[in-house]
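Here the structure is laid out as structure tokens; the discussion comes afterwards.
The values are calculated or read from the model by the stated rules, or taken from the named source; none is laboratory data. Since we're looking at a predicted model, the values are computed, not measured. All Cβ positions, even for glycine, are placed from backbone atoms using ideal geometry, and neighbour counts span all protein chains on display.
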Amino acid sequence: MFRKGAPAWPENNLSEHVTYDPPPPADEEVVEAPAPRLAPKPMPLSNNPLVEIAVLMAALTYGEMIELGAGMWKAAGDQPVTEAALPGILHRWAEGRKDGGQSQ
């Protein structure tokens, strides 16, 4: 925060051009601007649910991918993860997440 006419910052070589604005008094309210939010990428429209799933998967963060993997592993239970078992595991995981993502 810099304000014209405020006391100069002593170590600043540009003190003739830039001055330091001291913090406001304790009784003065300071309003911080909210951090900007980046707009999400628009998702391409598709009539193919598998394409939609692929687009959603590609948009996940690393942490979300870890959470997804852990949830699917938990949904597998003692069942080995095989090509034949995977559809059932995916279904159990999805059914467990229908409540808004609170259960895995």
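Give segment 40-50 a look and list any residue that's among the aliphatic types (A, V, I, L, M) and either farther than 30 Å from residue 90 by Cβ or modelled with pLDDT of 85 or more (or both), or say none.
Once the filter is applied, which keeps residues that are among the aliphatic types (A, V, I, L, M) and either farther than 30 Å from residue 90 by Cβ or modelled with pLDDT of 85 or more (or both), segment 40-50 yields only 50.
Hey, among 83, 29, which residue is at pLDDT below 90, assigned to a loop (DSSP other than H, G, I, E, B) and surrounded by fewer than 11 Cβ atoms within 10 Å (Cβ to Cβ)? Can you show your working first?
Working: 83 fails: at pLDDT below 90.
Answer to the selection: 29.
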